[in-house]
Amino acid sequence: MTLCSCSNDSNTKSVEIGDLPKASEEQVEELVAAFIEAEDGSTIEIPQGFYELNTQLILDAVSNVTIKGSGMRSSILSFKNLTTGGEGMKIAGDNITLEGFTVIDAPGDDIKTQHCDGITFRDINTTWTHTDLAKSGTYGIYPVQCNNVLIENCEVSHSRDAGIYVGQSTNIIVRNNYVFENVAGIEIENSDNAIVHDNLAENNTGGILVFNLPGLPKPWGRNTKIYDNTIKENNHENFALGEASENGNPISMIPPGSGVVIFAGDSVEVFNNKILNHKTASISIASYHITDLPIPTHEGWSPYVKNIFIHDNIYEREFGVPDVSKDLGKLIAATCFKSQDVLYDGIVEGNAKTNPNNICVRETMADLRFSRLVIPSSGKLSDISVENDINNFNCQ
């Protein structure tokens, strides 16, 4: 059995699980007991081996704990046989470090951490080994409602939602990770003060996403910086389950060929990235209205995107016609005809030409493809036009 775990590091290779010692039943029980019995200040060691678990690993209400494997490709935890509980590993506590192991095949999320103040993921790999990607779990690395989050030097693949998902959290660093073959590579959702830099996101449906979604305990997020990343060829089919719901996740609507997607985001800066060879749009800036879903009225939440600064990125494109497997791709194909470097849906309260939502694009590329959709009150696709008035958005 082979677990494919590619990397941007040329010294990394696929893991041959057959080469690892299989953990005995006693060793598995010892690991489960170590989680149950962990106290403040504990270190939980995961020795080299392949561990088949039929129960969750849960750490609850303890602090200053380190969970340490013998290496990303040396300590592998499989939750393929899990019959109860959605997450493989579920963590709650302060000042927790997870380092040097792999988690595979949880039925829901591979690793979920919640209500943590100080959570570090370092040299962690999460993936699913199903040949049918729609059978994958939802999130690989999933901190939610946490403060002071660090995710570095990790690899995440095959999530049917987001590989690295940080939700409703504050003070976040996501750096030096490799995300591939997920629906979304990295997603920052309803979170404050996120820094996303020096990551490689390739062959996902969408590379890096910044969303504010309605109906969540933390209604709004702002202040995300995305810089010095390589966001490359994120043209993978969208294998998310179902359709977008009235209150929730529009991930199933993201068209293949999306580099960066800012969806009802606030105070987002995207700069010094290499955004390469996307079928549909290198950067999409959109309000919740573009989904054509009912607009909820949740306190503290707004459907509009605002305070966006796009500058000094490098774009390359090899594709002419946008992907048309999703409605947004069809809209871009029907109105813009070609894949776009920067696409703005132009939906605001007022006149988009006056730029009331402070959407700023200052790129130096001579033949930059910038398009703003002009959506009439009829909302008919045939009535939508496009303007390329980038000078109206040359602000700072």
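Please treat every number below as a calculation from the coordinates, not as lab data. All values reported here derive from a predicted model rather than from experimental measurement. FYI the Cβ positions are ideal-geometry reconstructions off the backbone, even for glycines, and counts take in every protein chain you see.
Please compare each pair in LYS135/LYS330; LYS112/LYS330; LYS232/LYS306 to a cut-off of 31 Å on the Cα-Cα distance and tell me which ones are over it. The partial results should precede the final answer.
Working: LYS135/LYS330 27 Å; LYS112/LYS330 35 Å; LYS232/LYS306 26 Å.
Over 31 Å Cα-Cα: LYS112/LYS330.
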Which lysines have a Cα lying under 16 Å from the Cα of LYS68, excluding residues fewer than 8 positions away in the same chain?
LYS90
Treating only the Cβ atoms of Lys and Arg (+1) and Asp and Glu (-1) as charged, compute the dipole magnitude of the chain about its Cα centre; round to the nearest 20 debye.
1200
Candidates per trypsin sites (Lys or Arg not before Pro) in the range 341-389, loop by DSSP, up to 10 other Cβ within 10 Å:
LYS380
Gain on full stretching of the segment that runs from HIS130 to ALA33 - 0.36 nm per residue minus C-alpha separation:
32.0 nm
Over all alpha-carbon pairs of the range 88-140, lay out the pair-distance distribution in 5 Å bins, whole %, shortest bin first.
5, 20, 28, 21, 15, 7, 3, 1
Within a Cβ distance under 12 Å of HIS289, other residues only, what is the Lys/Arg minus Asp/Glu net charge?
-3
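Relative contact order, percent, of the chain when contacts are C-alpha pairs under 8 Å separated by at least 6 residues? Mind dumping the intermediate values first?
Details: 1223 pairs, mean separation 31.2, N = 396.
Relative CO of the chain lands at 8 percent.
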Can you give the three extents of the C-alpha atoms in the range 171-258 along their principal axes, from longest to shortest, in whole Å?
32, 31, 14
I'd like to know which of VAL268, THR126, ALA92 lies farthest towards the positive end of the charge dipole of the range 2-393, counting +1 on Cβ of Lys and Arg and -1 on Cβ of Asp and Glu.
VAL268
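Add +1 for every Lys or Arg and -1 for every Asp or Glu among the other residues with Cβ under 14 Å from the Cβ of ASN212, and state the total.
Working: positive: LYS218, ARG222, LYS306; negative: GLU187, GLU189, ASP192, ASP266, GLU299.
Net of charged neighbours comes to -2.
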Could you give the alpha-carbon Rg of the range 237-396 over 2.2 N^0.38 Å, rounded to two decimals?
0.98
DSSP bridge orientation in the range 2-393 - percent antiparallel, rounded to nearest 5
5
Value of relative contact order over the range 119-180, rounded to a whole percent, pairs C-alpha under 8 Å and six or more apart:
38
Quick one: order MET253, MET365 by neighbouring beta-carbon count within 10 Å, fewest to most.
MET365, MET253
Dividing the helical contributions, -39500 (n - 2.57) per DSSP H run of n ≥ 4, by the residues of the chain yields a 222 nm value, nearest 500 deg cm²/dmol, of -1500 deg cm²/dmol
With N residues in the range 166-211, what two-decimal value do you get for its Cα radius of gyration over 2.2 N^0.38 Å?
1.08
Evaluate E = 1/(1 + (r/R0)^6) for ASN392 and ASN176, where r is the Cβ-Cβ distance and R0 equals 22 Å; express this FRET efficiency to the nearest 0.05.
0.05
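Semi-axes of the chain's equivalent ellipsoid from the Cα gyration tensor, sqrt of 5 times each eigenvalue, largest first, rounded to whole Å? Don't skip to the end; give the middle numbers.
Numbers: eigenvalues 295, 87, 66 Å².
Over the Cα atoms of the chain, the ellipsoid semi-axes are 38, 21, 18 Å.
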Could you check which residue among ASP123, ASP292, ASP105 shows the biggest mean-square fluctuation in a GNM of the chain with a 10 Å Cα cutoff?
ASP292
FRET efficiency for SER63 and SER378, Cβ-Cβ distance as r, R0 = 41 Å, nearest 0.05?
0.10
Quick one: net charge around ARG317, please, counting Lys, Arg +1 and Asp, Glu -1 for every other residue with C-beta under 11 Å from its C-beta.
-2
